[in-house]
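Values quoted throughout were computed directly from the atomic coordinates according to the rules given, and no laboratory measurement underlies them. Here the structure is a predicted model, which is why all the values come from computation and not from measurement. When we count neighbours, we look across all protein chains shown, and the Cβ atoms used for this are built from the backbone with ideal geometry, even at glycine.
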Amino acid sequence: MNIILDVDTGVDDAFALLFAARSPLVNLMGITCVDGNTNLDNVVANTLTVLDAAGAGDIPVARGAARPLLELPSYAEFVHGSDGMVEMQSRDSKRTLDPRTAIELMRDLINASSEPVTLVPIGPLTNIALFLRAFPDAASKLERIVLMGGSASVGNATATAEFNIWHDPEAAAIVFTSGVPITMYGLDVFTDLQMTQDDAQSLIAKGDKTSLFAGTLVDRFIKQMGHDVTLGDYGAIATAIAPQLARTQSLRVVVDTTHGPNRGQTVCDHRSYADIAPESAHTRAPKVDVVLEIDIKAMKEMWLKTITGN
Ligand code: BDR
Ligand code: CA
């Protein structure tokens, strides 16, 4: 599957990148960077570090937005460490950045592709919103957006809002109303793909560069968090390439862009009669395929096999 990955690398973005760079089921056309878990410079350095660890080929990587559309950024370094990747960032990569901006790279890759392209954003949606607005013709060729973000239940950044949406709610609102088919892999399943210290140690014991890097990342993340950790963002890529592993429900979703306590919430309409309900923001909102359940065993196995190569 042709995929463009938009990242704010981030430990679980690193899990996703390692997989995407190595999976034979993914044609990773390009990677675009956005600020989110940490500042854009860290995101770029982390992304190149992970591509080196994955032994990835020459995949174009472009810089994108360094801040949300309206607000100043608020990072999640208390989760991901001061460099955004539990101190595993290297600044020694020989890779060079693509000279284009993130949205120019998206445009060119989509326009040049004779096959459908799926966009997989696993950070705040700033780059995606800018792309949709700047290049609507290229955007209209997208097959689908499969994003990590939002929640049909609880939040994490706030009681009701998930971090990627909360970081840039205006961008999220642009994406959710764009008319591009959307699958939302949100907090309802985000923590299901748990990694343990046993998983970390068996990866480390494999000894090859990629497994060692992945195992060390899991080990450090567990120590940082004080409990088992999730493969998180990786699940969005797994859902894109293996949708049979995810149960979705088609729901109308409205992003709360108000400045009250629910700012950044993805308000999902679960009413069975939503289609005939009185007119409201929800009756006007496009439907989104919201992931409510995943095949945990199969998704985790797919990641482990791809990372270790067996
Ligand atoms: C999301 O926020 C980030 O911390 C993670 O990388 C993930 O994309 C989860 O809310
Ligand atoms: Ca992320």
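Points worth noting:
- Restricting the range 67-97 to trypsin sites (Lys or Arg not before Pro) in coil, as DSSP defines it, with at most 11 other Cβ within 10 Å: Arg91, Lys94
- Efficiency of FRET between Met225 and Thr283 - r from beta-carbon atoms, R0 35 angstrom, step 0.05: 0.30
- Beta bridges by DSSP in the chain, antiparallel share as percent, to the nearest 5: 40 percent
- Förster-model FRET efficiency, 41 Å R0, Gln197 and Ile276, C-beta, rounded to 0.05: 0.20
- Taking a straight Cα-Cα cut-off under 19 Å and skipping sequence neighbours fewer than 8 places away in the same chain, the lysines within cross-link reach of Lys297 are Lys305.
- Straight-line cross-link reach from Lys287 at under 23 Å between alpha-carbon atoms covers these lysines, not counting any fewer than eight positions away in the same chain: Lys141.
- Qualifying GluC sites (Glu not before Pro) for the range 114-187 [loop in DSSP, other Cβ within 10 Å: at most 15]: none
- Candidates per GluC sites (Glu not before Pro) in the range 231-310, loop by DSSP, up to 14 other Cβ within 10 Å: Glu279
- Spacing of the modelled spin labels on Asn310 and Asp41, each 7 Å from Cα toward Cβ, amounts to 4.3 nm.
- Cross-link reach list, lysines versus Lys300, counting only Cα pairs under 25 Å and skipping chain neighbours closer than eight places: Lys206, Lys209, Lys223
- Rounded FRET efficiency, nearest 0.05, which uses the C-beta distance separating Leu70 from Ser140 and R0 of 45 Å: 0.95
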